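Visitor: Would you mind keeping the following structure in view while I ask a few things?
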Amino acid sequence: MIIDHVRLRQFATAIFQCLGTEAEKAQETADHLVEANLKGHDSHGVGMIPNYVGSALRGGLKVNANAEVIKDQGSVLLVDGGFGYGQVVGRQATDLGIEKARSLGLACVGSRNNHHLGRIGAYAEQCVAEGMVSIHFVNVVGHPPFVSMWGGRDKRLQTNPFCCGVPTESEPLILDMATSAIALGKVRVASMKGEPVPEGALFDHQGRPTQDPNAIAEGGSLGPFGQHKGSGLALMCELLGGALAGEWTMQDTDKQKEITVNHMFMLILDPNVFGGARGFAREVNGMQAYARSAEPAQGFDHVLLPGDPERASKAARLADGIPIDPQSWQAICQAGEKAGMTAADMAGFTK
Ligand code: NAD
């Protein structure tokens with residue numbers, strides 16, 4: 001089915017409110033998820049609603065928690081999300097970091113104990129909108145691992161995202177990526193659609209390459225992107241996100257319950273701190289144009305920069321609506337029922 005983003009926001013907001021979530025927090029979480037759909041990341045869009053509802057009903061997700069400052073020392077901030085919606089407490093931690101970077105030039109933020117933060121690019125976009133550069137290292141805990149290290153058959157990590165945002169005079173550059181070959185949610189989406197995943201992304205329980213998205217459920221693993229390099233970056237996300245900013249890493253196996261927790265380490269920098277914002281902007285804008293001017297290689301129309309595919313997807317989906325496969329839609333409606341939505345309320349959104 002194809003659904004308009006406004007109706008989808010209203011439906012998602014209503015489901016979160018049925019869980020007892022305050023209106024503003026329900027709306028903010030819904031907006032973040034729908035924005036992920038608009039930007040083409042269905043893996044981190046409304047398809048996460050069943051996960052969030054389950055987590056809230058089990059008491060893992062604290063639907064009205066706010067971020068709390070634990071430590072504020074010079075340029076360092078430690079903020080605890082209290083297992084609130086990552087979309088709310090992660091945004092609050094980023095707001096505090098931006099404020100500090102504005103006064104000191106740099107903020108080094110530990111944003112810990114967030115329920116799933118969603119699309120990490122959202123926090124980089126928040127920073128670049130205020131003229132800041134930002135770098136984000138994130139680990140994912142609370143679930144057993146799904147991702148193998150390069151050369152390993154056993155699973156040791158999750159999809160640990162890395163993100164970096166740079167403001168420009170035109171479209172910001174937002175590199176936002178899982179360090180696994182593909183995001184776990186993309187395996188879920190492929191499985192729902194009955195489609196194979198790209199070659200090299202998945203391994204079966206014996207460590208053999210496979211394109212079957214169901215391999216994960218049968219004991220297989222997601223591989224890292226970029227072989228040993230992605231594997232190394234994923235480990236650094238685990239250590240900076242989980243050990244430095246957060247409270248635990250994947251090796252704490254007794255904490256692998258049915259909840260998705262993100263710990264995020266963020267550096268937020270005012271471009272004025274080094275050579276000055278003017279020189280930085282000149283080089284960034286010049287480099288952006290220079291990179292785009294490259295002749296396309298065989299099989300490509302043009303060179304894309306980080307953030308371009310998301311902008312193109314958003315323009316198309318704002319105009320044409322957001323496609324949602326039937327299984328994902330059914331799972332979202334069932335989650336609405338579990339959250340306590342009445343059949344009459346549901347019909348208002350789904351007909
Ligand atoms: P992706 O592979 O689609 O894109 C990664 C990056 O590459 C993006 O910056 C994108 O703009 C850029 N890109 C994509 N195609 C390109 C092309 N053809 N040319 C040039 N640049 C291109 O993203 P992903 O790794 O599947 O991650 C999807 C989302 O999942 C991200 O928003 C990420 O933050 C999120 N995520 C979240 C968690 C979590 O626990 N919260 C975990 C993993 C991933």
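None of the figures in this text is laboratory data; all of them are computed from the coordinates on show. Bear in mind that the values here come from a model prediction, so they are computed numbers and not experimental data. Ideal geometry is used to build each Cβ from the backbone, glycine not excepted, and the neighbour counts take in all protein chains shown.
Visitor: Roughly how many whole Å is it from the C-alpha centroid of region 1-78 to that of region 145-215?
Guide: Computed from Cα coordinates, the inter-centre distance equals 22 Å.
Visitor: Among LEU239, GLY299, ILE15, whose Cα projects farthest towards the positive end of the dipole of the chain, with charges put on the beta-carbon of Lys, Arg (+1) and Asp, Glu (-1)?
Guide: Highest projection toward the positive end goes to LEU239.
Visitor: Now a separate question. Report the calculated FRET efficiency for GLU24 and ARG282 (r = Cβ-Cβ distance, R0 = 41 Å), to the nearest 0.05.
Guide: Numbers: r = 40 Å, r/R0 = 0.97.
Calculated transfer efficiency: 0.55.
Visitor: With each pseudo-label sitting 7 Å past Cα toward Cβ, what's the MET346-MET236 distance in nm, one decimal?
Guide: If labels sit at MET346 and MET236, their model points lie 4.7 nm apart.
Visitor: For TRP329 and ASN272, calculate 0.36 nm times their separation in residues minus their Cα-Cα distance, and state this gained length in nm to one decimal.
Guide: Numbers: separation 57, 0.36 × 57 = 20.52 nm, distance 4.64 nm.
Full extension of this stretch gives 15.9 nm more.
Visitor: Could I ask something else about it? For the chain, set up a GNM with springs between Cα atoms under 10 Å and report which of GLY275, GLY299, GLY219 has the largest fluctuation.
Guide: GLY299
Visitor: Using Cα positions and a limit of under 19 Å, work out the aspartates and glutamates in reach of LYS100, with same-chain residues fewer than 8 apart set aside.
Guide: Answer for LYS100, where 19 Å is the Cα cut-off: GLU68, ASP72, ASP80, GLU125, GLU130, ASP270, listed by chain and number.
Visitor: Evaluate the charge dipole of region 224-335 about its Cα centre and quote only its size in Debye, nearest 20, assuming +1 on the Cβ of each Lys and Arg and -1 on the Cβ of each Asp and Glu. Mind dumping the intermediate values first?
Guide: On the way: 9 positive and 13 negative charges, 66 e Å.
Around 320 debye, computed over region 224-335.
Visitor: Something else: Treating the beta-carbon of each Lys and Arg as +1 and of each Asp and Glu as -1, no other charges, what is the dipole magnitude of region 81-143 about its Cα centre, to the nearest 20 debye? Before the final figure, lay out each step's value.
Guide: Details: 5 positive and 4 negative charges, 24 e Å.
Rounded to the nearest 20 debye, it is 120 debye.
Visitor: To continue, here is another question. Shape call for region 214-306 from the C-alpha gyration tensor, a ≥ b ≥ c root eigenvalues: rounded (a/c under 1.5), prolate (a/b greater than b/c) or oblate?
Guide: Values: a/c = 3.57, a/b = 1.47, b/c = 2.43.
In terms of gyration-tensor shape, oblate.
Visitor: Over the chain, calculate the relative contact order: mean separation of alpha carbon pairs under 8 Å at least 6 apart, over the residue count, as a percent. Numbers along the way, then the final one.
Guide: Numbers: 749 pairs, mean separation 79.3, N = 351.
Contact order relative to length: 23 percent.
Visitor: Taking springs between alpha-carbon atoms closer than 10 angstrom, which of SER103, SER313, SER43 fluctuates most in the Gaussian network model of the chain?
Guide: SER103
Visitor: Moving on to the next point. Roughly how many Å is it from the Cα centre of region 238-305 to that of region 88-142, as a whole number?
Guide: Result: 11 Å between the Cα centres.
Visitor: Next question, about the same structure. Mind checking the dipole of the chain: about its Cα centre, +1 per Lys or Arg Cβ, -1 per Asp or Glu Cβ, Debye to the nearest 20?
Guide: Working: 30 positive and 38 negative charges, 62 e Å.
Roughly 300 debye for the chain.
Visitor: Using only alpha carbon pairs under 8 Å that are at least six residues apart, calculate the relative contact order of region 56-149 and give it in whole percent. Let's see the in-between values first.
Guide: Values: 137 pairs, mean separation 22.3, N = 94.
Relative contact order of region 56-149: 24 percent.
Visitor: Taking 8 Å as the Cα distance limit and 6 or more residues as the minimum spacing, I'd like the relative contact order of region 194-331 as a percentage. Let's see the in-between values first.
Guide: Values: 101 pairs, mean separation 13.6, N = 138.
Over region 194-331, the number comes to 10 percent.
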